[in-house]
Amino acid sequence: MSSTIGLSAVELEQYSRHLKLPGFGLEKQLRLKSAKVLLIGAGGLGCPIGLYLAASGVGTIGVVDFDRVDRSNLQRQIAHGVDDIGQCKVDSLIASMRGINPLVTYQAHAQRLNESNVGELIRQYDLVLDGSDNFSTRFLLADACFLHRIPLLQGAVYEYEAQISLFVPGKGACYRCVFQEPPSQNALAPCAEIGVLGVVPGTAGLMMATEAIKYLSNLPCAAQGNLLIYDALAQSLRHVELSADQNCPLCGKNPTIHDVQEYQTVCPPSANEKHADASTREVNPIQAQSLLAQGAILVDVREDFEFLAGHIPNALHLPLGLLTREIDRLERAVALSLNTTILSYCQKGQRSLEATRILKSLGYQNCFSLQGGIAGWTGNIVIPT
């Protein structure tokens, strides 16, 4: 039975709380009904995103994932259960979504996203939500969405933290304005050794679903033009304003990226698998303080938004991805010689290890990495105002 106002009697009942909501009502519910959303990943982020977008009445929801459910997923991927182990995640998630709302159209894409199919997939949708867990997919989507003019809502989780941002082509920064290049393999922690508090993807997924619903219904979006950083331990949410980079290789004045390219992300060997690197030295915070007292140069190798969110006093800033090409920035900032003591740090200590290797390969002899990164630093943190 159809209604003359665009919603069936069943839909009017299903979405009645939206229809009674001041500032939302029928108009915005119809916007949701006409929207087409593509969800990349049916895991920790994808499960809460998918369930709430379905419950909210987004008209068409596509899900992309080629993985199958295993027991280790159940700690955080709440749309799957014990009985779904071994099943395709796309099928399991869509079954759960359909159980909540059979009025929505679901499209299953049980395939691996790559450079040959990404364009065809995303062109069918109004908004792409990236719930993937690897840099290869994130950069592939970032490039494809910008080049095809499709808005991208990107989320990532790590241990106790999550980051969320909405990138709308032609309106402010793109993903590569924040992350110019994928990190090197050596800068990543081994996949099997990365932990995450189970509720963090759930919280981040709900935030992404909220931002998606607001964007689709033409409500103001906090994630557009900002990086939202959620810290589960502090129960805090920070907003870091993002600015377009005129030198961005994707959206800048002279772009160098004109088509999509797939980046191979391979888990690096774990600590007990790789040979000890005698050229790499870590120092703890106490040793680091001593090096700084002796005149060491402190270099923050994190991304721009991380540096702006807070950094160690007197640190120079040079992101890891730019270190090789722009080492002259350090040379101009300080009287740098090959014998200068350089102390690098990042968020957790992985990227600074890679920075130390790079600096040594460039001939700098006295290079150190801050063990545990800024998260383990005992000094004050500067937060620019």
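Evaluate the following for SER337: is it without any contact (Cβ under 8 Å) to a residue 40 or more places away in the chain, assigned to a loop (DSSP other than H, G, I, E, B) and farther than 30 Å from ALA173 by Cβ?
On the way: without any contact (Cβ under 8 Å) to a residue 40 or more places away in the chain: yes; assigned to a loop (DSSP other than H, G, I, E, B): yes; farther than 30 Å from ALA173 by Cβ: yes.
Yes; evaluated as a whole, the condition is true for this residue.
For every residue, the table says whether it meets (1) among the charged types (D, E, K, R); (2) modelled with pLDDT of 90 or more.
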{"site": "ALA244", "(1), (2)": "no, yes"}
{"site": "PRO249", "(1), (2)": "no, yes"}
{"site": "SER270", "(1), (2)": "no, no"}
{"site": "GLU273", "(1), (2)": "yes, no"}
{"site": "GLU282", "(1), (2)": "yes, no"}
{"site": "VAL299", "(1), (2)": "no, yes"}
{"site": "GLY310", "(1), (2)": "no, no"}
{"site": "PRO313", "(1), (2)": "no, yes"}
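Hey, ARG71 hits all of (1) in the same structural domain as LEU166 (by TED's automatic domain parsing); (2) surrounded by 14 or more Cβ atoms within 10 Å (Cβ to Cβ) but one; which does it fall short on?
Of everything listed in (1) in the same structural domain as LEU166 (by TED's automatic domain parsing); (2) surrounded by 14 or more Cβ atoms within 10 Å (Cβ to Cβ), ARG71 misses just condition (2).
What number goes with the only condition from (1) in a helix (DSSP H, G or I); (2) crowded, with 19+ Cβ neighbours inside 10 Å; (3) assigned by TED's automatic domain parsing to the domain that holds ILE122 that GLY44 does not pass?
GLY44 satisfies every listed condition except (1).
So for the range 180-199 (the condition being at pLDDT 95 or above and not assigned by TED's automatic domain parsing to the domain that holds GLU306), does at least one residue qualify? Talk me through it step by step, then tell me what you get.
Within the range 180-199, the subset at pLDDT 95 or above is 199.
Checking the rest, the ones that are also not assigned by TED's automatic domain parsing to the domain that holds GLU306 come to 199.
Within the range 180-199, one or more residues are at pLDDT 95 or above and not assigned by TED's automatic domain parsing to the domain that holds GLU306.
Tell me whether the range 50-63 contains one or more residues that are closer than 23 Å to VAL196 by Cα and more than 19 Å from the chain's Cα centre (by Cα).
yes
Touching a helix residue (DSSP H, G or I) at 6+ places or on another chain (Cβ under 7 Å), surrounded by fewer than 18 Cβ atoms within 10 Å (Cβ to Cβ) and outside any helix (DSSP H, G or I), is that true of LEU343?
In short, no.
The values are calculated or read from the model by the stated rules, or taken from the named source; none is laboratory data. Here the structure is a predicted model, which is why all the values come from computation and not from measurement. Quick reminder, even Gly has a Cβ in these numbers, built from the backbone with ideal geometry, and neighbours come from all protein chains shown.
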